[in-house]
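Pasting in a structure now, in C-alpha cells, and then I'll have a few things to ask.
Nothing in this text is a laboratory measurement; each read-out follows from the coordinates by a stated rule. Owing to the predicted nature of the structure, the values given are computational and were not obtained by experimental measurement. Heads up, the Cβs are rebuilt from the backbone with ideal geometry, glycines too, and the neighbour counts pull from every protein chain shown.
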Amino acid sequence: MTQNSGKIQTKNGGKKEKEYSIEWIQKTCTIEYKGEIKDRAILKWVPFINTLGETAIQITGWLSVILSVCIFFIVLPTLPENLYLMLLIASVCLSFFIVGLGLFSYVKYVKATRCKICNKNYAYEETANPDVREVSTENSYTVAITRYWKCKRCGYIDSDESPEDIVTRKGKIKKPKRIICEKCGKSGIYPEYKTPDIKSNESIYTRIRYYKCEYCRHINIEVEKAYSGEDSSGWESKGSDPRL
Ligand SMILES: [Zn+2]
Ligand SMILES: [Zn+2]
C-alpha cells in the first residue's frame, strides 16, 4: 500500500462545479467528476425523431451527407460561372456535410432516451449533470458515464451507465523525466509510476501519465491532448486536469 492509499485528493478546491476527486488504492486510480448535460439543440431539426428515435438520426445524417455530395459534384459544375454563387453553394454543401456527420455522434444517446415503461422514443430528458467515473489499473482503463433521466411522457425516473463514444486504452511508458511536485514543490527525475492512460472522444485524444514524488509520495498527474490524430508531434501539455 502506498501513502496515498484510500486518500481522496480534491482538485480545484472551492469551486464546486469544477471539483473532481482522485482516489488511489495501490496502483488503482479512481477519478470521479460531473459531466455535462448533452446539448440537444441540433436534434430539434431532425424530423420524426419522436416516432423513429435513433433511426431518424441515421436517416437524416445519411441524407445530409449524400445531398451535400450530390450537389457539390453534380449540381455545382452545371451552374453559370459566378464565383459568389459557387462559394455560397459550396459552403452550404460543407455545412450539410458537417451537420450530417455530427448527427451520427447522437445515435447512442438518442437510443438511450427510449422509455423502458411507455416505450416512447426520445422520451427521456436529463434531470441532472451526469456522473463520470474513470478507473485506471496497471492493465486496464475504463470511463463510465451515468446519466439521469425522466420520461416526459409517463414521468418514469431512470438512469443508465455506459462509456458512450469514449474509447480507452493503455499507453506505453516513456523515459524518466524531471517533475516538479505540485504538493511539496521539490523536483526530481522520476520514471512513470504506472502505465499511462489514453482516451479519445470525437477525435480529441487525452493521455494521462503518473509520476510519484520520492519526497512526499504524492502522485503527480501530467495530461496531454491531441486534436488531430495521435501522431507523436501532435500532443500538447495540458497541466494536471485528467477530465474529458
Ligand atoms: Zn415513459
Ligand atoms: Zn512531493
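In debye to the nearest 20, how big a dipole does the chain give about its Cα centre with +1 on each Lys and Arg Cβ and -1 on each Asp and Glu Cβ? Numbers along the way, then the final one.
Numbers: 38 positive and 29 negative charges, 160 e Å.
Magnitude of the dipole: close to 760 debye.
Which one, VAL107, TYR190, TYR205, is farthest towards the positive end of the dipole of the chain when Lys and Arg carry +1 and Asp and Glu -1 on their Cβ?
TYR190
Contact order normalised by length for the chain, with contacts defined as Cα pairs under 8 Å and 6 or more residues apart; what percent is it?
Values: 461 pairs, mean separation 31.3, N = 244.
Relative contact order of the chain: 13 percent.
Let me ask you something else. Counting other Cβ atoms within 10 Å, keep those with at most 16, restrict to DSSP loop, and tell me which chymotrypsin sites (Phe, Trp or Tyr not before Pro) in the stretch 33-113 are left.
On the way: sites: TYR33, TRP45, PHE48, TRP62, PHE72, PHE73, TYR84, PHE96, PHE97, PHE104, TYR106, TYR109; in loops: PHE48.
In loop regions of the stretch 33-113 (DSSP not H, G, I, E or B), the sparsely surrounded chymotrypsin sites (Phe, Trp or Tyr not before Pro) are PHE48.
So for the stretch 12-142, taking the charge dipole from beta-carbon charges (+1 Lys/Arg, -1 Asp/Glu), which of MET86, GLN58, PHE72 sits furthest toward the positive end?
GLN58
Here's a follow-up. Identify unpaired cysteines across the chain, taking unpaired to mean no other cysteine Cβ lies under 4.7 Å from the residue's Cβ.
CYS29, CYS70, CYS93
Using a 10 angstrom cutoff on alpha carbons, build the Gaussian network for the chain and name the most mobile of ASP165, ASP39, ASP131.
ASP39
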